[in-house]
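Okay, structure first, notes after.
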Amino acid sequence: MTTAPTNAPAKETEESQDAGYVDVLIVGAGVSGIGAAHHLRDRFPERTFVILDAQDNRGGTWWTHQYPGVRSDSDLFTYGYRFKPWRGPSIAAGAEILAYLDEVIDEDDLGPHIRYRHRVTAARWSTGDRQWTVEVTREDTGQRLRYTAGFVLMCQGYYNHARPYRPQWEGMDRFQGVIVHPQQWPADLDLTGKRVVVIGSGATAATLIPAIAGQAEHVTMLQRSPSYYFAPPVNDPLAVELRALDIPEEWTHEILRRKFMAQMDLLARMSTESPGELHAFLIESMRPLLPAGFDIDKHFTPRYRPWQQRIAIVPDGNLFAALREGTASIVTDTIETFTEHGIKVSSGEEIPADVVVSATGFNLSLFGDVAFTVDGEPVDFTERVTWRGIMISGVPNMAYVFGYFRHSWTLRVDLVCDLLVRLLTSMRDRGATMVTPALRPEEADMPLLSFADPDNFNAGYVMRTQHLLYKRGDREPWTHLLEHEAEREILPKADLDDGTLAYE
Ligand SMILES: Cc1cc2nc3c(=O)[nH]c(=O)nc-3n(C[C@H](O)[C@H](O)[C@H](O)COP(=O)(O)OP(=O)(O)OC[C@H]3O[C@@H](n4cnc5c(N)ncnc54)[C@H](O)[C@@H]3O)c2cc1C
């Protein structure tokens with residue numbers, strides 16, 4: 001694919017400047033947007049495209065999150081793309097993931113197609129013109145631009161990058177220390193000799209604490225309730241062994257992908273079929289890594305089933321090492337109030353703090369907060385139903401990439417793009433310029449279910465915003481959030497002519 005010529009004559013309107021037409025407009029330059037651009041360019045070299053991102057650089061999540069120690073939770077063989085071998089350690093630092101994305105951008109010559117500091121605010125579909133009009137505000141100049149596009153591909157991720165979730169606690173205003181959120185980590189924050197309290201028990205807390213434990217005077221992880229952890233090696237032994245054999249990187253990548261897919265399939269299956277067994281396995285695998293006599297019941301035994309929320313990774317058991325060495329400790333309790341010099345919890349204990357890190361998660365953002373209209377009618381997503389977690393009923397020529405919770409996000413990028421390539425090919429072959437998911441007559445009474453089933457996945461950021469999200473149905477193809485094990489069979493065979501897609 002190629003970018004629309006940037007030197008096309010600009011047409012001024014009252015509100016915004018005409019930025020030209022592209023066949024596909026991609027929102028977001030994270031792993032989804034960059035992966036999607038690769039696939040589209042590979043399969044449709046003649047089509048024009050552009051990637052717009054509100055931030056000033058590529059990487060999405062990996063650019064936003066710059067806190068000490070930031071790294072993947074997934075193995076990079078499955079978090080890396082199917083088409084580009086991963087050559088580093090199994091668990092990678094944020095900077096290594098950015099370098100990998102840079103290689104993809106270079107190899108595919110995507111750079112000239114990416115526009116940074118371009119925030120998409122609105123997208124208006126016109127059936128008459130068979131195109132989207134996409135309103136953009138430049139974050140640096142405030143200038144307003146207007147793109148037109150035949151197809152919009154939303155790769156905006158799931159949370160608001162500019163506004164992290166910051167719960168308010170009593171007494172925060174009187175606290176004399178510094179309060180930071182990992183999503184907006186101050187580059188000049190020096191923790192040397194500081195007493196740090198990290199509020200939270202998820203992946204961020206588990207990543208940050210071992211990274212700062214040696215530098216700070218002491219780090220306390222303050223959690224309301226425990227999470228599940230798993231401690232794989234940073235360097236997978238099979239990868240080390242295969243690399244020593246000097247075989248092509250592509251082979252190692254594929255073998256390791258299959259190994260990790262099988263491992264994740266097993267964990268996902270166990271979480272529903274034998275949750276007690278998985279619970280016991282996860283708890284018992286931590287026991288030898290913790291200090292003698294450690295209260296595992298209180299601090300590391302969650303009240304939910306494994307995988308109802310993400311299982312956090314502790315590479316090489318580094319968080320447990322910090323607990324053993326005494327540079328970090330855990331308090332499991334609820335916050336009563338901030339004080340001038342720390343945090344008082346319900347037990348009456350006051351935890352002294354110079355710095356409080358609020359590792360409390362995200363504000364979910366639906367489709368990047370873009371206001372969608374179809375033929376002048378605002379799209380109320382709460383009334384819409386997803387088509388395979390890829391398109392939305394009644395919204396023409398728009399697809400989105402939403403990755404897996406339990407497997408690597410990127411596995412779904414490749415699968416969704418394969419389907420999208422088939423869909424665009426199918427449109428071309430039938431001479432259609434518009435495709436819209438629509439319920440068939442027999443589905444008119446299909447029950448519409450909330451975005452996520454809380455029994456299946458109940459992370460806070462999803463539960464807080466369920467009421468704002470689109471719905472799913474109770475049957476194919478109106479389902480989503482399926483496991484990769486199922487989807488890698490279903491999506492490649494999905495019938496694009498089953499009556500749920502209207503081609504015009
Ligand atoms: C610290 C951290 C670690 C993680 N680790 C893992 C992991 O190991 N494995 C895993 O599977 N998942 C992980 N995740 C989940 C992670 O978000 C996904 O893996 C993945 O990075 C999402 O990529 P994306 O490109 O879809 O979205 P994002 O990375 O969120 O990027 C979206 C981009 O779109 C841009 N954007 C959004 N709205 C607009 C708009 N209106 N206009 C213009 N631009 C817009 C944003 O600025 C952003 O740059 C992690 C998340 C975090 C926060």
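Structure values in brief
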{"quantity": "Matching option when the condition is more than 14 Å from the ligand (Cβ to nearest atom) and among the β-branched types (Val, Ile, Thr), among Val370, Val421, Val401, Val416", "calculated": "Val421"}
{"quantity": "Sole exception among (1) under 22 Å from the mean Cα position of the chain (by Cα); (2) open to solvent by less than 50 Å² (accessible area, probe 1.4 Å) for Phe320, by number", "calculated": "(1)"}
{"quantity": "Residues located in segment 34-64, provided they are under 30 Å from Gln184 (Cα atoms) and open to solvent by 20 Å² or more (accessible area, probe 1.4 Å)", "calculated": "His38, Ala54, Gln55, Asp56, Asn57, Arg58, Thr61, Trp62, Trp63"}
{"quantity": "Answer from Ala187, Ala203, Ala149, Ala123 - the residue that is among the hydrophobic types (A, V, I, L, M, F, W, C), out of contact with any strand residue (DSSP E or B) (no Cβ under 9 Å at 6 or more places or on another chain) and in contact (Cβ under 8 Å) with a residue 60 or more places away in the chain", "calculated": "Ala187"}
{"quantity": "From the options Arg388, Arg428, residue that is surrounded by fewer than 19 Cβ atoms within 10 Å (Cβ to Cβ) and away from the ligand (no atom under 16 Å from the Cβ)", "calculated": "Arg428"}
{"quantity": "Given (1) outside any strand (DSSP E or B); (2) at pLDDT 95 or above, number of the condition Arg166 does not satisfy", "calculated": "(2)"}
{"quantity": "Residue match in segment 89-107 (condition: out of contact with any strand residue (DSSP E or B) (no Cβ under 6 Å at 6 or more places or on another chain), away from the ligand (no atom under 15 Å from the Cβ) and in a loop (DSSP other than H, G, I, E, B))", "calculated": "no"}
{"quantity": "Selection count where residues are in contact with a Gly (Cβ under 8 Å, 6 or more places away or on another chain) and within 18 Å of Arg388 (Cα to Cα), scope segment 440-470", "calculated": "6"}
{"quantity": "Within segment 477-497, tally of residues that are assigned to a loop (DSSP other than H, G, I, E, B) and surrounded by fewer than 14 Cβ atoms within 10 Å (Cβ to Cβ)", "calculated": "2"}
{"quantity": "Residue list for segment 353-363, restricted to those being within 11 Å of the ligand (Cβ to nearest atom) and not aromatic (Phe, Trp, Tyr)", "calculated": "Ala359, Gly361"}
{"quantity": "All positions within segment 344-366 that are farther than 17 Å from Ile212 by Cα and under 31 Å from the mean Cα position of the chain (by Cα)", "calculated": "Thr360, Gly361, Phe362, Asn363, Leu364, Ser365, Leu366"}
{"quantity": "Which listed residue, of His181, His113, His118, is under 30 Å from Ile351 (Cα atoms), within 16 Å of the ligand (Cβ to nearest atom) and at pLDDT 95 or above", "calculated": "His181"}
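The values are calculated or read from the model by the stated rules, or taken from the named source; none is laboratory data. Model, not experiment: these values are computed from the prediction. Reconstructed Cβ throughout: ideal geometry from the backbone, glycine too, with neighbour counts over all protein chains shown. Heads up: the accessible areas ignore ligands, DNA and RNA and are worked out on the full protein's heavy atoms, side chains in. Shrake-Rupley method; radii C 1.70, N 1.55, O 1.52, S 1.80 Å.
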